[in-house]
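Report on one structure; see the data block that follows.
A short reminder: the numbers here are calculations on the coordinates, not readings from a lab. Note that the structure is a prediction, hence the values are computed from the model and not measured. Neighbour counts are summed over all protein chains in view; Cβ atoms, including those assigned to glycine, are modelled from backbone coordinates with ideal geometry.
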């Protein structure tokens, strides 16, 4: 964006823009909005990335969704560049970041990170589940976060002074959840996150994955709350609205879903989340929507192709009162 890092006064409501992507994470949204406002105002460390953030919390609480929305707002490409760090558990897998040495197949392709940075200097990069990577993979990032540039095996340089890097982790999630319940101060939770990450060791080498020097280069640690029942109900509403929007935009058909079914999905999602100790988050709700709504619609459309092609609305109907322990009896009709 032309105005980015130019120091322009920006009165954009980033809390509203970011908050529409996640539910029940007001503190996290506020922290990211504050960081984005500083970046837009040009208040960043010269020669370093625009920001280096760590999102921590349980799975399914909205870390990736918030990162995606940030990319939509900030990045020229509007696309989040995701690096699944579980794919970088070996020392040699650093070649997936900076490329392979000269003389090896693929050398001319260069390093993915360098290519991505040069293609989108305002990119938002997600290093997902950072604690699963090999320590050697983190060394190029250590220099990048410190100096603001990186060179691949071809000698091609990329600058990251306009890029945002987000790392995610669920290290120490059980203690984080308990500390939230006990209403511990946020700075105490953040300190616990740092200590938890410092103790994580690579399963192959037994070396610490993240050095103290690396942890010191994280500008802001953003802690995500465990999801409450109200938050899960909000997630169910958002995800079902996306189903409606997709069918309307791509196929020109309205999808009618009874409110009672939405509430049932939210309650079942809460039950799954409690059973997992908070680890399910919104993922259980996504599965329920797929099983109870999307799959049913697809099967009904396959069984009644003519009616489906000529309909304007897809109506999901409950045939019997809902019970908490049984699968809902659902009919899909085309009108």
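Compute the long axis of helix 63-74 from its Cα atoms, compare it with the longest principal axis of the Cα atoms of the chain, and write down the angle in degrees, 0 to 90, nearest 10.
The answer is roughly 70 degrees.
Normalise the Cα radius of gyration of region 117-224 by 2.2 N^0.38 Å (N = residues in it) and let me know the number.
Relative to the 2.2 N^0.38 Å estimate, region 117-224 comes out at 1.18.
Can you tell me, using C-alpha contacts under 8 Å and at least 6 residues apart, the relative contact order of the chain as a whole percent?
Computed value for the chain: 18 percent relative contact order.
For region 67-122 and region 281-335, what is the centre-to-centre distance using only Cα atoms, to the nearest Å?
About 39 Å separates the Cα centre of region 67-122 from the one of region 281-335.
Just the ratio, please: alpha-carbon radius of gyration of region 213-335 over 2.2 N^0.38 Å, N its number of residues.
Its radius of gyration relative to the 2.2 N^0.38 Å reference: 1.31.
Given region 240-312, report the % of alpha carbon pairs whose separation exceeds 19 Å.
More than 19 Å apart: 42 percent of the Cα pairs in region 240-312.
As I understand it, the value is the acute angle between the Cα axis of helix 26-40 and the longest principal axis of the Cα atoms of the chain; what does it come to in degrees, rounded to 10?
50
Take the Cα atoms of region 279-335, build their convex hull, and give its volume per residue in Å³.
Dividing the Cα hull volume of region 279-335 by its residue count gives 90 Å³.
Calculate the length of the line joining the C-alpha centroid of region 186-228 to that of region 140-178, in whole Å.
If we compute the Cα centre of each part, the gap is 13 Å.
Can you pull the percent of Cα pairs in the chain with separation above 34 Å?
Counting pairs separated by more than 34 Å, the tail of P(r) holds 35 percent.
Neighbouring Cβ atoms within 10 Å as the yardstick, rank 83, 104 fewest first.
Placing the least packed residue first, the sequence is 104, 83.
Could you state the angle between the C-alpha long axis of helix 259-275 and the longest principal axis of the C-alpha atoms of the chain, as a value from 0 to 90 degrees rounded to the nearest 10?
50
Does region 153-285 come out rounded, prolate or oblate, given a ≥ b ≥ c as the square roots of the eigenvalues of its C-alpha gyration tensor, rounded meaning a/c under 1.5 and, failing that, prolate meaning a/b above b/c?
Oblate.
Within 10 Å of each residue's Cβ, count the other Cβ atoms and sort 250, 117 from fewest upward.
Fewest-to-most ranking of 250, 117: 250, 117.
Compute the orientation-averaged projected area for region 67-156 from the convex hull of its Cα atoms and round it to one decimal in nm².
Its Cα hull, projected and averaged over all orientations, spans 5.8 nm².
Within 10 Å, count the other beta carbons around each residue, average over each peptide in 204-213, 299-308, and list them highest first.
So the peptides 204-213, 299-308, ranked by packing, come out 204-213, 299-308.
For region 1-112, take the alpha-carbon Rg, divide it by the Kirkwood Rh, and send me Rg/Rh.
Ratio of gyration radius to Kirkwood radius: 1.05.
Going by average Cβ density within 10 Å per residue, which order do the peptides 156-167, 178-189, 56-67 take, highest to lowest?
Top of the packing list down: 56-67, 156-167, 178-189.
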